[in-house]
Amino acid sequence: MESACLLTHAAGAAQAAGQPGLHEQYDAVRATSMTLAAPLGAEDCQAQSMPDCSPVKWHLAHTTWFFETFLLSRFLPSRAAFHPQYRMLFNSYYNAIGDKHPRPQRGLLTRPALAEILEYRRHVDEGMRALIGRLGGEPAFDALLALGLNHEQQHQELILTDVKHLFHANPLRPAYAPAGSPALPPGTPAGWTRFDGGATRIGHDGTGFAFDNEGPAHEVLLQPYYLADRLVTQHEYLEFIRDGGYRRPELWLSLGWERVCAEGWEAPLYWHGQRDQWRVFTLHGMQELELQAPVTHVSYYEADAYARWARVRLPREAEWEHACRRLPASVHALRANLLESGHLDPRPAPPRKEHRGPVQMYGDTWEWTCSAYGAYPGFRPDPGAVGEYNGKFMCNQYVLRGGSCATPRGHLRPSYRNFFPPEARWQFTGIRLARDA
Ligand SMILES: [Fe+2]
């Protein structure tokens, strides 16, 4: 990891300043995973709806495996593993660690049972707490601990998106959580904010935690551009559908049009019905469209086609980060709809009179950029197995920015780069428009 550590070099100093210490940070992240699994039964935690999704039981085990493999085994090599075959069963993609159970077959792992995975979590938590007590504050340990906690936060978002996909596959369309307050802010008109561009630095600057793919920080040259003040709404996307958006090949990238035809796409994932009679599946079950809320569960292909239909384009990732860094913190804090808000759905943008410039930069939906996911100049993954975390996926994927309604608070920063293949739709992915000035 190029990163240093969010998890302080001096845990004692942080505690003295009233910030949570390493034990508290570890316990909080681990507890959040259990809270997300709490509404689910053992059967819910077992099933796998498609190869891209994983069973919740596997997420709970794999995040634990990460701490056991990269911290406990490294810093306490004489410590016995909880189970010798877990090293293979819950290895996601780390070739340097060894064999892996095939990803599409994770749902077939009826054994170990959920109860045994929960015992695995308790066992590793016990070891980790002792290890934090011994090594907390040492930079090499703190950096790996921060990586493990940020890794688990990424899987917390995946728990929600994978459960959503699983429950949608069930004709009963069960709700993961009861619907919250229906009190919605009114929609705000779309607007544009101009940014001058010029030479600017993007990427992680070396202070605080970041994933390796966020660095090195480097200079880019941006032309002047406009960024939309909010995300594209369901109402606006409905206009695209009504205008034949899914039936007009001239709006689509070639690969996107192939996907539309092959899979019969007529609307975002989870939309049911046709024309003006759409309903949508959410983590609260089937719902009416919230027309002023951001559209979500669209692929890169759909985001690109929508932008072409709107006669503009998607932002470049450097434009998004440049804009994000120039907005006051209060804009990001303004009703940022992240995991802790509990909505579990994107929400309408706050009224224009409450802000100037773009809102919804953090939370609600991940924002597709038109930037291919690749290495920044000078990027070097760490040696060893953790170097496989990000770098080897720098092919055939696009960068997304800004987090979603399922992203834990504190997990984001302006340089954060998410990435998915252009056909992926099961994440909370949405659209912010940009145009040249
Ligand atoms: Fe993972």
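The values are calculated or read from the model by the stated rules, or taken from the named source; none is laboratory data. What you are looking at is a predicted structure, and each value in this text was computed from that prediction instead of being measured. Backbone-built Cβ (ideal geometry, glycine too); neighbour counts: all protein chains shown. Please note that ligands, DNA and RNA were not included when accessible areas were found on the heavy atoms of the full protein model with its side chains. Shrake-Rupley method; radii C 1.70, N 1.55, O 1.52, S 1.80 Å.
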### Query
Could you count how many residues in segment 53-92 are farther than 30 Å from Tyr176 by Cα, outside any loop (DSSP other than H, G, I, E, B) and of a type in the set (Phe, Trp, Tyr)?
2
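Every residue, every condition in (1) of a type outside the set (Lys, Arg); (2) within 15 Å of the ligand (Cβ to nearest atom); (3) surrounded by fewer than 12 Cβ atoms within 10 Å (Cβ to Cβ), yes or no:
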residue	(1), (2), (3)
Asn95	yes, yes, yes
Pro102	yes, no, yes
Arg106	no, yes, no
Thr110	yes, no, yes
Ala113	yes, no, no
Ala130	yes, no, no
Leu144	yes, yes, no
### Summary
Picking from Asp162, Asp212, Asp196, the residue that is open to solvent by 20 Å² or more (accessible area, probe 1.4 Å), touching a residue at least 12 places away in the same chain (Cβ under 8 Å), on the phi < 0 side of the Ramachandran plot and touching a Pro at 6+ places or on another chain (Cβ under 9 Å) would be Asp196
### Query
Given the residues Glu319, Glu340, Glu367, which is the only one that is in a helix (DSSP H, G or I), in contact with a strand residue (DSSP E or B) (Cβ under 7 Å, 6 or more places away or on another chain) and in contact (Cβ under 8 Å) with a residue 60 or more places away in the chain?
Glu319
### Task
For Ile117, indicate whether it is at negative phi and within 16 Å of the ligand (Cβ to nearest atom).
yes
### Query
When you scan segment 282-310, how many residues do you find that are open to solvent by 30 Å² or more (accessible area, probe 1.4 Å) and either in a strand (DSSP E or B) or of a type in the set (Lys, Arg) (or both)?
4
### Message
Considering only residues that are outside any strand (DSSP E or B) and without any contact (Cβ under 8 Å) to a residue 12 or more places away in the chain, which ones fall in segment 259-281?
### Response
Cys261, Ala262, Glu263, Gly264, Gly273, Gln274, Gln277
### Task
Answer yes or no as to whether Gly256 is touching a residue at least 12 places away in the same chain (Cβ under 8 Å), outside any loop (DSSP other than H, G, I, E, B), under 26 Å from the mean Cα position of the chain (by Cα) and more than 23 Å from Glu157 (Cβ to Cβ).
yes
